[in-house]
Structures are given as C-alpha cells and as structure tokens.
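FYI, it's all coordinate maths here, none of it is from the lab. Source: prediction; values computed, not measured. Because the Cβ atoms are built from the backbone with ideal geometry, glycine has one as well, and the counts that use them run over all protein chains shown.
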Protein chains: 2
Amino acid sequence: MEEREHDIYRKFQDLLSSKGVKPSFQRLLILEYIIKNKNHPSAEMIYQQISKNIPTLSRTTVYNNLNLFVKKGILTTLKTSDSESHYDIVDKPHAHFYCSVCGRIIDIDLKMPFFSRTFIQGHKIEEVKIQFLGICKKCLQ
Amino acid sequence: MEEREHDIYRKFQDLLSSKGVKPSFQRLLILEYIIKNKNHPSAEMIYQQISKNIPTLSRTTVYNNLNLFVKKGILTTLKTSDSESHYDIVDKPHAHFYCSVCGRIIDIDLKMPFFSRTFIQGHKIEEVKIQFLGICKKCLQ
DNA sequence: ATTTAATATTGTAATGATTACAATATTAAT
DNA sequence: ATTAATATTGTAATCATTACAATATTAAAT
C-alpha cells in the first residue's frame, strides 16, 4: 500500500478505523468492492472479484470480514430468495427492490416514518428493513 | 379423516382448495400448525411437532409443501438472522419485529402506504416485506 | 369395482453456503 | 529483536435445503 492507494483508499481506511476495524489490505478491497459496485454482492461474488487481485485470498477471510463489518455496523445483510446472503453498506436509510426476473437488488430511496423511530409498540428498534419484491422496470419492458 | 376432523379442518381445506392445492392430511396439519400457533415456525419446528401425529412424516414432505404453499400464495417466507427460513400465513398485510435476544418474530400491525401500491419508481410490486430488528418489549424489562 | 394414470409422500444421498478450527503469516508492542 | 496480538489461510465439518428414485395414495376411466 503506497502513495496512489493511499489516496484512493483513505476514505475507506477512515471508515474502517472509525468503526474500530483495522484497515487491512483484504478488508479495504472488500469494502471498496461493495461501495464502488453498489450491486449488493454475495460473499462469493466478492471472493471471485478480489481473488483476481489477491490470488491467495481465502473465502474464509471474506466471510470473516463480512461478519465483522456487520457486527461493527459498517454493512447490513440482505436475504433474498436465493440461497446466498447479500451485503450493503450502511449509510442513508433506504429500501430495496428485489427483481424476481433478473435477480437484481435495486436501492429505493423513500421517506419512511419508521426510519427515525426508536420504538414500535413497546419494542426497541435497532434497524428497519423494507423489501419490495416484484419485477423491475427493465424486466417489464 | 372423518367427522370430527371435517369440522375442525374445513376452513383449512377450503383455503387449500381455493388456491388449487389438494388438501392432503399432511398439508392440513402443516397449515393448521402455522395458523394456530402464529409463531412463524421453521420447517424443522413444523416437522418436530407434526411427526408426533404422523410418525412416518418426512422432512422432505414438509419442505415440498412449504415451497408449494409459498408458490401458491398461501404462505410467505421470513428470513431472519438465523439460518432457517420461517413461514407466515398470507392474510392482512403486516410487518414483523425480530427480537435479537429471544429470537421471536412478532407481528406488527401498521398502516403502510406501500401495502396498497402496485408500482414504485417504475418497478412492479408483488409483495412488500417490512422487518424491524431490535429488542422486544419483554426482553427489555 | 378394476385398471390406469396422476399426484403425494417418503428416505437417502447430494448440494452448497457458511462456520469451526488449527496453522501460518502479519502487524503492533515491549 | 522478541513477544504478544491479530489477520489470513486452507481444510474439514455443519446444517438447511434440494434432487431423485421408490413407494403409496388418490382420482379418473373403462
């Protein structure tokens, strides 16, 4: 990790550090992939891509770090009808649209009363997940 | 299936028939379990209970029929942080609260603008799932 | 009613995503 | 430089679910 990468990865380093996670090379690439692609990847998708840059990468490392990121509040998991977990960065609250035709997960920005609530019917809310299932704009055409 | 059961299971039979599913004994017991318990069970929970009544019951039968029920719109799946899928009857739209302490899934009745919408940002909506994650009323005490 | 076709159930084996665990490598602290 | 702490790796295990073939049950047709 020299000069050039310092520039590119500084914000990812800062994000990890601010959450108490040491910014290793593997972790930075995993985080970079998720943030830059915005495609809500599965562990396998991440592994396939990053192992091109780190041929020795292990799936276990990907799983370890995804779990760590979730625990630290950096990522959240999306469970679709397919068998793999998908991952999304935690930033501005938003919903997701799952297309049953192409399988894509599409970010849906919308204002939600619940996103700002901390309690519902006496239960303490820590996270709100809103999923729309159906057929996306593209696949309808 | 004689008299007594006819009375008890008629509404379940009607529900299955109306969705084009033949009301076999196994299917009726599976449906009954989910509707009566309202506990959003996993396939394994259903298998454990119903195999008390049908000792020859196969897990495959439970999985087959749960999948069939979902395909026919009788049930919907709930994916929690645990590794199993959970199942809920499809009736009045409602949200779910997942307690990270006791693991319960609690029905949350609330009015939602989305429940009546058929499109969002050009995408065709077929189902809306709203999950609240946190700590339930009981576990907060 | 009997035969035939269709459907449902069952049991076993396979699949596949994820995790457990032990070994090695890397980084940080003394 | 040495030691301790942490991260990564590879392999093996786990566990929910599915594939598949065999059997049983139900429905249809003669």
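Per-structure values
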item	result
Distance in nm between pseudo-label sites at B:Gln121 and B:Arg59 (7 Å out along the Cβ direction from Cα)	3.9
Amide H within-cut-off set for B:His94, under 5 Å, with H built and near neighbours excluded	none
Listed residues A:Ile135, A:His123, A:Phe97: farthest to the positive end of the dipole of the range A:95-140 (Cβ charges)	A:Ile135
Sum of side-chain charges, A:His123 neighbourhood, beta-carbon under 11 Å (Lys, Arg +1; Asp, Glu -1)	+4
Other-copy label distances relative to A:Asp91, 7 angstrom Cα-Cβ extension, nm	4.2
Mean-position separation - Cα centroids, the range B:69-141 and the range B:26-61, in angstrom	21
In order through the range A:76-83: 3J(HN,Hα) via Karplus (6.51 cos²θ - 1.76 cosθ + 1.60), integer Hz, x for Gly, Pro	10, 9, 10, 9, 9, 6, 6, 7
Space enclosed by the convex hull of the alpha-carbon atoms of the range B:1-116, per residue, Å³	125
Structure-based [θ]222 nm, chain B - -39500 (n - 2.57) summed over DSSP H runs of at least 4, per residue, nearest 500	-12500 deg cm²/dmol
Lys, Arg +1 and Asp, Glu -1 on Cβ, resulting dipole of the protein assembly as shown about Cα centre, debye, nearest 20	340
Magnitude of the charge dipole, chain A, Cβ model with Lys/Arg +1 and Asp/Glu -1, debye to 20	280
Cβ-vector label at 7 Å, A:Cys102, separations to other copies in nm	4.3
Globularity ratio of the protein assembly as shown, using Cα Rg and 2.2 N^0.38 Å	1.16
³J(HN,Hα), Karplus 6.51/-1.76/1.60, whole Hz, each residue of the range B:129-136, x for Gly, Pro	10, 10, 10, 9, 10, x, 10, 6
For the range B:21-32, 3J(HN,Hα) per residue [Karplus equation, 6.51 cos²θ - 1.76 cosθ + 1.60, θ = phi - 60°, Hz, x = Gly/Pro]	10, 5, x, 6, 4, 4, 5, 5, 5, 4, 5, 4
Charge context of A:Leu57, other residues only, Cβ under 13 angstrom, K/R +1, D/E -1	+2
